[in-house]
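Heads up, the thing below is written out as structure tokens.
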Amino acid sequence: MANDNFEADLYMSRSLENIAYIRQMLGELHVVAEREGAEMLCYLIGMAYVEAGDLQSGRRSLSVETGQRHKSPRVPF
């Protein structure tokens with residue numbers, strides 16, 4: 001039982017590290033988009049940056065806490 005808690009804590013810690021990395025990259029992408037004058041990209045990247053910040057600060061919870069992740073729609077890259 002203690003091992004389950006440890007694994008859950010480790011999983012949550014990794015998730016938060018990933019969110020922090022994503023947020024950092026979004027900040028850098030925002031700078032690039034701003035230099036290019038891409039206003040819509042700046043807006044969308046800014047919204048994603050705010051969302052990542054909310055996840056980091058706990059204002060919005062990760063779906064991993066309930067054991068289920070929200071599936072994102074497939075986006076062609």
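Under a Cβ-Cβ cut-off of 14 Å, what is the net charge of the residues other than residue 43 that fall near it, where Lys and Arg count +1 and Asp and Glu count -1?
Cβ neighbours under 14 Å give a net charge of -4.
Using just the Cα positions, wrap the stretch 2-63 in a convex hull and report its mean projected area in square nanometres, one decimal place.
4.3
How do the peptides 15-21, 46-52, 32-38, 3-9 rank, highest first, by the average count of neighbouring beta carbon atoms within 10 Å per residue?
Ranked by mean Cβ neighbours within 10 Å, highest first: 46-52, 15-21, 32-38, 3-9.
Bear in mind these aren't lab numbers, they're just calculated from the coordinates by the rules spelled out. What you see is a predicted model; the values in this text were computed from it and never measured. Virtual Cβ from ideal backbone geometry, glycine too; neighbours counted across all protein chains shown.
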